[in-house]
Amino acid sequence: MAGLLRSDSIPEVGEDAAATVSMAETLSEEERDELRKELAKVEEEIQTLSQVLAAKEKHLAEIKRKLGINSLQELKQNITKSWQDVTSTTAYKRTSETLSQAGQKASAAFSSVGSVITKKFEDVRNSPTFKSFEEKVENFKSKVGGSKPAGGDFGEVLNSAANASATETIAEQTEEETH
């Protein structure tokens with residue numbers, strides 16, 4: 001368990017652990033003192049840089065606050081800039097052109113399919129078979145409807161339905177009152 005608590009540095013990724021151990025053993029006491037001083041100096045520089053960075057970030061936040069720039073506005077600006085960067089790429093332009101051409105071709109294809117279907121319906125409607133069927137339906141309507149025009153107009157149908165419904169309601173109320 002004592003090996004887990006060692007103060008030796010841990011080798012970086014890709015660094016040979018055996019080489020690190022053997023190098024530490026071959027260093028003289030003077031070299032070790034020199035490396036420790038350099039280590040302390042680098043750590044102190046890192047600490048100083050961290051403090052400078054924190055001060056700069058605080059100053060940046062203060063400037064943004066004074067300018068009225070908030071996180072949402074900054075996010076919008078970043079998204080806008082990113083979108084502009086994306087739309088200026090060659091890949092985007094090529095893809096956009098390709099999709100536009102494909103859309104135009106699809107639109108033309110749907111248009112032509114629509115005209116073909118319309119033409120086919122017209123052909124069917126003008127065919128002798130359809131004409132014969134249409135005549136049979138008209139004959140049947142006139143036989144079922146009698147001398148009245150086939151079905152009457154829409155207003156007449158509504159009036160007759162309303163009158164029939166009102167007559168039935170009055171008859172039902174009369175029956176209920178008598179019982």
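Nothing in this text is a laboratory measurement; each read-out follows from the coordinates by a stated rule. The shown structure was predicted, so the numbers you read here are calculated from the model rather than taken from an experiment. Positions of Cβ are generated from backbone atoms using ideal geometry, with glycine treated the same way; all protein chains shown enter the neighbour counts.
For the pair S82 and S115, a Förster radius of 41 Å applied to the C-beta separation gives a FRET efficiency near 0.40, rounded to the nearest 0.05.
Computed FRET efficiency, Cβ-Cβ of Q51 and E74, R0 30 Å: what is it to the nearest 0.05? Calculated value: 0.75.
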